[in-house]
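Submitted below is the structure of interest, expressed as structure tokens.
The values are calculated or read from the model by the stated rules, or taken from the named source; none is laboratory data. Given the structure is predicted, the values throughout are model-derived calculations rather than measurements. As a convention, Cβ positions derive from the backbone with ideal geometry for all residues, glycine included, and neighbour counts pool all protein chains shown.
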């Protein structure tokens, strides 16, 4: 028996990982207590996805456990021991704004929860791969210091800058910046994941993600902008844009493309690896550009408003340079473009919420 433990297993990336690795023959041990509903209300609930996984995957076991519960996590790891082939840690408190409301909760989930999992990996399955979904927010607001120019639909990086052609690479400093409380807790977890790789020799990797998205995303106003934007379009709700004239740029990676990164890493793991991972120059858009595409696909107008006040620590322009990962794992390729991603999210949202 080969086991994959997946935290946040009912969320966007966790559920995609569960389906993909189940198909590859692994037994899936899911850990998810639907904290997303606590963070974001009913919009954020992933109970529907838990039911879907239980009903569709015959070797999937769901565990309603909080990753902060050290004893409960210990029991899960002890029960499977060295049969555990990999741990994919996608559980998190993911919102800038929410983290500021409850900093202790945010840190206990993102940082303490992560070290609980790392320590159980070291004790019970030290040869397993430990894959962590970090975030580009570990760089804080340093990307906002880049020389940007305004165009009709987006902010764009000056052509003569070293990051212009491919995006931001792992050389960017995480120091001397405002991270947001969320960004700081994720940075703490990111560093600990690296340290367990470099100090203890555990096969760990941190993927510093851009916008992770896809049709299984339970988008809410405070997290998951593409999925929530599409939901607003489908149900006829006004979408609120916070700052930067709606021209802030995000690189968007489909959950399936990210999970394929996980598998490539697992086939040839390194200790303490760190990779920026997102849509890169292959798949990116501003909010205004996303609205235009949604209107084109749906055939109706998206109602939105723009405020002057941006979210604290929010990036104006962020595109990931993924060449470091591609150099180490040259078999990995993108499958989805930004238009492919939006088309899938729209189809899934129309099925879930109904056409307005």
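Only residues that are surrounded by fewer than 19 Cβ atoms within 10 Å (Cβ to Cβ) and part of a helix (DSSP H, G or I): list them for segment 347-356, please.
From segment 347-356, those surrounded by fewer than 19 Cβ atoms within 10 Å (Cβ to Cβ) are 347-348, 350-356; that's our starting set.
Residues satisfying the conditions are 347, 348, 350, 351, 352, 353.
Just a yes or no: is a residue in segment 251-259 surrounded by fewer than 18 Cβ atoms within 10 Å (Cβ to Cβ), modelled with pLDDT of 95 or more and more than 30 Å from residue 195 (Cβ to Cβ)?
Pass one, segment 251-259, residues surrounded by fewer than 18 Cβ atoms within 10 Å (Cβ to Cβ): none.
Within segment 251-259, none of the residues are surrounded by fewer than 18 Cβ atoms within 10 Å (Cβ to Cβ), modelled with pLDDT of 95 or more and more than 30 Å from residue 195 (Cβ to Cβ).
Residues being over 12 Å from residue 196 (Cα atoms) and in contact (Cβ under 8 Å) with a residue 60 or more places away in the chain: count how many of those fall in segment 114-130.
Residues flagged as over 12 Å from residue 196 (Cα atoms) and in contact (Cβ under 8 Å) with a residue 60 or more places away in the chain within segment 114-130 amount to 2.
Before we move on, is residue 133 part of a helix (DSSP H, G or I), modelled with pLDDT of 95 or more, touching a strand residue (DSSP E or B) at 6+ places or on another chain (Cβ under 8 Å) and closer than 30 Å to residue 75 by Cα? Quick ask: steps written out before the conclusion?
Numbers: part of a helix (DSSP H, G or I): no; modelled with pLDDT of 95 or more: yes; touching a strand residue (DSSP E or B) at 6+ places or on another chain (Cβ under 8 Å): yes; closer than 30 Å to residue 75 by Cα: yes.
Taking the combined requirement at face value, the residue does not satisfy it.
All but one of (1) modelled with pLDDT of 95 or more; (2) buried (at least 24 other Cβ atoms within 10 Å of the Cβ) hold for residue 44; state the number of the condition that does not hold.
Failed condition: (1).
Taking segment 283-335 only, how many residues are closer than 30 Å to residue 268 by Cα and assigned to a strand (DSSP E or B)? Spell out the reasoning first.
Applying the first criterion (closer than 30 Å to residue 268 by Cα) to segment 283-335 yields 283-284, 318-335.
Remaining after also requiring assigned to a strand (DSSP E or B): 284, 318, 320.
Qualifying residue count, segment 283-335: 3.
Looking at (1) crowded, with 19+ Cβ neighbours inside 10 Å; (2) farther than 26 Å from residue 140 by Cα, can you tell me which one residue 315 breaks?
Evaluating residue 315 over (1) crowded, with 19+ Cβ neighbours inside 10 Å; (2) farther than 26 Å from residue 140 by Cα leaves (2) as the failure.
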